[in-house]
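Some notes on the structure that comes next.
The values are calculated or read from the model by the stated rules, or taken from the named source; none is laboratory data. Quick caveat, the model's predicted, so the values are computed rather than measured. Neighbour counts are summed over all protein chains in view; Cβ atoms, including those assigned to glycine, are modelled from backbone coordinates with ideal geometry. These area figures cover heavy atoms from the full protein model, side chains too; ligands, DNA and RNA do not enter into them. Shrake-Rupley method; radii C 1.70, N 1.55, O 1.52, S 1.80 Å.
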Amino acid sequence: MDRLAAERPNQSAIERLCSDYEADIVFDRADWVSALVDTGNVVEFSTKKMTATRAMTLQGKLIWLIRSAQYRRAYHSSETDAASAVEDALRAWKRRSDMRRYRDDVRAIVSDLRWGRKRFRIHVDDAYASPLCNEGVDGFLRSIGVGRFTDFPGWFIAWCFALDRQVGFVIWEAYKRTQAEPCVPTDNTVR
């Protein structure tokens, strides 16, 4: 709590000593990220109708929790300042919106992976390349007990789609990566 409270701007040591952190710092779990959120350190962006609240994951990483009246889900940004964190969230939300046109394609790929009609590996880097926040990716993997792994069979991640539809963003990134990779012939491939 002290480390999180020390992030407050323009606060003297006396003000920090007199602050009631227990009232200001609350636990929050949103989109697989468990964090302590400092409600006393909020930056408002009225023109964008957004707020950036300083927070710290339970693993000790400082983040910004970005909320917008336009979006139901919060975004967790690792950027160092609130303005950069808001821009990070806006880019991610725009990419998510742009990807909606592939929703049917993603569902078809999920079905194909689940039933073995398609096969490819999905890497954690695919998740980091998606419009999901890195903290949410890490939190999801920890929550399902596979946080120490970096590479997964596609069928496994396709079944995870039932836990959280946002996994579709990861599957789509992995699919795009596999489509861009050159085809390497195997021993039983006709040349």
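Could you please find all residues in the range 77-105 being open to solvent by less than 80 Å² (accessible area, probe 1.4 Å) and outside any helix (DSSP H, G or I)? Lay out the reasoning, then the answer.
Keep residues of the range 77-105 that are open to solvent by less than 80 Å² (accessible area, probe 1.4 Å), which gives 77-79, 81-90, 92-93, 96-99, 102, 105.
Matches in the range 77-105: Ser77, Ser78, Glu79, Asp81.
Suppose we filter the range 136-149 for residues that are open to solvent by less than 50 Å² (accessible area, probe 1.4 Å) and either in a helix (DSSP H, G or I) or over 20 Å from Thr57 (Cα atoms) (or both); how many remain?
Here the count works out to 6.
Go through Phe152, Phe169 for me and flag whichever is open to solvent by 30 Å² or more (accessible area, probe 1.4 Å) and within 19 Å of Arg114 (Cβ to Cβ). It would help to see each step written out before you state the result.
Values: Phe152 fails: open to solvent by 30 Å² or more (accessible area, probe 1.4 Å).
Testing whether each residue is open to solvent by 30 Å² or more (accessible area, probe 1.4 Å) and within 19 Å of Arg114 (Cβ to Cβ) leaves just Phe169.
Against the definition (open to solvent by less than 50 Å² (accessible area, probe 1.4 Å) and at pLDDT 95 or above), how does Ala74 come out, yes or no? Break it down stepwise before answering.
Values: open to solvent by less than 50 Å² (accessible area, probe 1.4 Å): yes; at pLDDT 95 or above: no.
No: the conditions fail for Ala74.
How do the pairs read when you match residues in the range 147-163 that are closer than 13 Å to Asp126 by Cα and in contact (Cβ under 8 Å) with a residue 12 or more places away in the chain with residues anywhere that are β-branched (Val, Ile, Thr) and surrounded by 13 or more Cβ atoms within 10 Å (Cβ to Cβ), using Cβ under 7 Å and keeping only pairs 6 or more apart or on different chains?
Here the result reads Thr150/Val124; Phe152/Ile122; Gly154/Ile122; Ile157/Ile122; Ile157/Val167; Ile157/Val170; Ile157/Ile171, each pair linking the range 147-163 to a residue that is β-branched (Val, Ile, Thr) and surrounded by 13 or more Cβ atoms within 10 Å (Cβ to Cβ).
Is it true that Ser19 is among the small types (Gly, Ala, Ser), open to solvent by 80 Å² or more (accessible area, probe 1.4 Å) and modelled with pLDDT under 90? Reasoning before the result, please.
Details: among the small types (Gly, Ala, Ser): yes; open to solvent by 80 Å² or more (accessible area, probe 1.4 Å): no; modelled with pLDDT under 90: yes.
Criteria not met by Ser19.
Report yes if some residue within the range 117-135 is part of a helix (DSSP H, G or I), farther than 30 Å from Leu58 by Cα and either open to solvent by 30 Å² or more (accessible area, probe 1.4 Å) or not aliphatic (A, V, I, L, M) (or both); otherwise report no.
Of the range 117-135, the ones part of a helix (DSSP H, G or I) are 124-129, 134-135.
Narrowing the set further to residues that are farther than 30 Å from Leu58 by Cα leaves none.
Scanning the range 117-135, I find no residue that is part of a helix (DSSP H, G or I), farther than 30 Å from Leu58 by Cα and either open to solvent by 30 Å² or more (accessible area, probe 1.4 Å) or not aliphatic (A, V, I, L, M) (or both), so the answer is no.
Among Thr57, Thr80, which is the only one that is closer than 15 Å to Gly139 by Cα and either at pLDDT 95 or above or out of contact with any His (no Cβ under 6 Å at 6 or more places or on another chain) (or both)? I'd like the intermediate steps shown before the answer.
On the way: Thr80 fails: closer than 15 Å to Gly139 by Cα.
Answer to the selection: Thr57.
Mind checking which pairs have a first residue in the range 98-125 that is closer than 22 Å to Thr150 by Cβ and among the aliphatic types (A, V, I, L, M) and a second that is open to solvent by 40 Å² or more (accessible area, probe 1.4 Å) and assigned to a loop (DSSP other than H, G, I, E, B), Cβ under 7 Å, 6 or more apart or different chains?
Going by the 7 Å Cβ cut-off, the qualifying pairs are Ile109/Lys118; Val124/Thr150.
Restricting attention to the range 48-71, which residues are surrounded by fewer than 18 Cβ atoms within 10 Å (Cβ to Cβ), aliphatic (A, V, I, L, M) and under 16 Å from the mean Cα position of the chain (by Cα)?
Looking only at the range 48-71, we keep the residues that are surrounded by fewer than 18 Cβ atoms within 10 Å (Cβ to Cβ), and these are 48-49, 57-62, 69-71.
From what is left, the residues that are aliphatic (A, V, I, L, M) are 58, 62, 69.
Answer for the range 48-71, where residues must be surrounded by fewer than 18 Cβ atoms within 10 Å (Cβ to Cβ), aliphatic (A, V, I, L, M) and under 16 Å from the mean Cα position of the chain (by Cα): Leu58, Leu62.
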